[in-house]
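The values are calculated or read from the model by the stated rules, or taken from the named source; none is laboratory data. Only a predicted model underlies this, so the values are computations on that prediction, with no experimental measurement involved. Cβ placement follows ideal geometry from the backbone for every residue including glycine, while neighbour counts extend to all protein chains displayed.
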Amino acid sequence: MKREGSPMSYLLRAIMVLLAVTFFQVAQAQGPARNTPYALLDPPQPTEAPGKVEVIEFFWYGCLHCYSFEPVLNPWVKKLPKDVVFKRVPAIFNEQWGVAARVYYTLEALGQEGRLHTVLFDAIHKENLRITDESAMASWLGKNGVDVEKYKAAYRSFGVETRVRRAQQMTNAYRIDGVPSMAVQGRYVLSAAVITDRQELLNATDQAIRMAMKQSAPGSTGAPAAKTAPAKGAAGK
């Protein structure tokens, strides 16, 4: 004889269904499906280059993946169309990453970021320079032609503090969970956690740029284009 379910069993079933639905909704909101190369941000994030497509690389100086990405990324940046603007944003997940971001924006404030970005990467990964060691950094800066006193003044300046806070906000807003990651026009986020081959990551970024251009063209509805399958892989913070 089949036993009829009790009121409690019906309640448990309802709770299980509710949890399953909630889990599915959260999974959709947190990132791309496994058969897509990018996460689609909704709503899109504001960009700072009116009339152009904005491309961002989220990185960390201490990240070996970011360091190995540089030789592939830099030539690619030089070949971007004139209506595409590229910039770097140091991702911030904790205090150590925050120090690295502050160093980046301090060098930028002094007009030294372009000259020393790759040099600093080399020093960290080839010479074991500790970016959080103020004494070691002061010595390195002096050897590389930076006025250490001006650097110290800029390091705690309002302008640098504002940029660091903005970088942390963007890390959260773009849902960055690993580096290097690329973001296109405040809408598409592509991560080395999904596409481990560096050239394929840039190829997928090119695809996202084309979609962004198409959406900004006159008469476009602004709807995202169809997604394609990603490369296999994984990476992390």
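If you take the residues in segment 45-69 that are without any contact (Cβ under 8 Å) to a residue 60 or more places away in the chain and in a loop (DSSP other than H, G, I, E, B), which one is farthest from Lys82 (Cα to Cα)? Lay out the reasoning, then the answer.
Filtering segment 45-69 down to residues without any contact (Cβ under 8 Å) to a residue 60 or more places away in the chain leaves 48-52, 67.
Checking which are in a loop (DSSP other than H, G, I, E, B) leaves us with 48-52.
On the way: Glu48: 15, Ala49: 12, Pro50: 13, Gly51: 11, Lys52: 9 Å.
Taking the candidates together, the pick is Glu48.
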ask   = Do we find a residue being modelled with pLDDT under 70 and either acidic (Asp, Glu) or assigned to a loop (DSSP other than H, G, I, E, B) (or both) anywhere in segment 193-214?
value = no
ask   = Is there a residue being surrounded by fewer than 18 Cβ atoms within 10 Å (Cβ to Cβ), more than 14 Å from Phe93 (Cβ to Cβ) and out of contact with any Leu (no Cβ under 7 Å at 6 or more places or on another chain) anywhere in segment 182-196?
value = yes
inquiry  = Among the residues that make up segment 216-228, is at least one of them modelled with pLDDT of 55 or more, surrounded by 14 or more Cβ atoms within 10 Å (Cβ to Cβ) and closer than 19 Å to Val53 by Cβ?
reply    = yes
query = How many residues does segment 94-114 contain that are without any contact (Cβ under 8 Å) to a residue 40 or more places away in the chain, surrounded by fewer than 19 Cβ atoms within 10 Å (Cβ to Cβ) and closer than 19 Å to Ala153 by Cβ?
reply = 2
request  = Could you list, in sequence order, all residues of segment 135-168 that are loosely packed, with under 14 Cβ neighbours inside 10 Å and either of a type in the set (Phe, Trp, Tyr) or at pLDDT below 95 (or both)?
outcome  = Phe158
request  = Would you check if there is a residue in segment 75-94 being outside any loop (DSSP other than H, G, I, E, B) and among the small types (Gly, Ala, Ser)?
outcome  = no
